[in-house]
Every structure is written in structure tokens, then in C-alpha cells.
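The values are calculated or read from the model by the stated rules, or taken from the named source; none is laboratory data. Nothing here was measured: the structure is a model prediction, and the numbers come from that model. Neighbour counts are summed over all protein chains in view; Cβ atoms, including those assigned to glycine, are modelled from backbone coordinates with ideal geometry.
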Ligand code: ZN
């Protein structure tokens, strides 16, 4: 009875070690809207490749968009620090540990893909993503659900 048990363990270890990159995509437009109010990281993902695409045409000093991930409890403060950081810093403080992930600030037609390790996130935590361009936070935000 030893052999089936070892085989079973081997399959289990192989599965556990396998990386699964889950792709998430969201767009922002010239009407100051994200395409999604919620993004879900499924249980079997080991890494997330998130792409933000700006489908508009306006320049980034007029209608720039980014995607910043924080715990929901940090969003208001990080958002105001982002405005203070200014356009040259993509409206995000450069070394703020509360920012868990961020894309570049994009102009119309641009896109940016970032990767986030699932192990850096907590299952069930209340996460919010938002655009830190001044005035956008009120409408450009959503929930990241980690399963
Ligand atoms: Zn924006």
C-alpha cells in the first residue's frame, strides 16, 4: 500500500509547486471611469498580472489614470498623499508601504502591466484599488477580492 501513497504525495507536491499567473484587466477612459468595480483573485492563482489600459485619447496631465492597490482602511489618506506627490510622481507617494501595488500614470492610448504575488496579499482582506489622479478617486475605485 506504500506505492499509491507516494504517488499521491508526488502529484500533490507537483501541483503545489506549480505557478499559476492569473491575468486581470481593467480599462480607464476619458469619461473618468474604470471598466470594472470589482476584480477577483481566484484561489488557485499564485501570481496576478494586472493590466491597466487607458482607452481614451487625453493626455495624462488632463485625464491620467493609474491603478493603486491599498487596504480599504488606507485609501483616503494614501489618496490625499498621492495628490500632494504631484504629476511628476504619478500622483503617488514614492515610498509608502501602504501601497501594495501600482501601475504607472497613463495617458490615453497607453497601458501598463504589473505583477503582484498572491503571497503578498491576504485572503479575505478588504482591498480597494483606485486612480490617484486629483478628483478621480471619488468615482474611479473598486474592490479587489482575494479568494
Ligand atoms: Zn484617473
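Working carefully through the options 102, 2, 98, find the one that is more than 14 Å from the ligand (Cβ to nearest atom) and modelled with pLDDT of 95 or more.
Values: 102 fails: more than 14 Å from the ligand (Cβ to nearest atom); 2 fails: modelled with pLDDT of 95 or more.
Going through 102, 2, 98 in turn, just one is more than 14 Å from the ligand (Cβ to nearest atom) and modelled with pLDDT of 95 or more: 98.
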Any idea which of 118, 60 is within 28 Å of residue 43 (Cα to Cα) and modelled with pLDDT of 95 or more?
118
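Of all residues in the range 55-77, which are within 14 Å of residue 136 (Cα to Cα), within 16 Å of the ligand (Cβ to nearest atom) and either under 15 Å from the mean Cα position of the chain (by Cα) or surrounded by fewer than 15 Cβ atoms within 10 Å (Cβ to Cβ) (or both)? Don't jump to the end; show me each part of the working.
Step one: list which residues in the range 55-77 are within 14 Å of residue 136 (Cα to Cα), which gives 60-68, 75-76.
From what is left, the residues that are within 16 Å of the ligand (Cβ to nearest atom) are 60-68, 75.
Across the range 55-77, the qualifying residues are 61, 62, 65, 66, 67, 68, 75.
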I'd like the full set of residues that are on the phi < 0 side of the Ramachandran plot and within 16 Å of the ligand (Cβ to nearest atom), limited to the range 26-38.
26, 27, 28, 29, 30, 31, 33, 34, 35, 36, 37
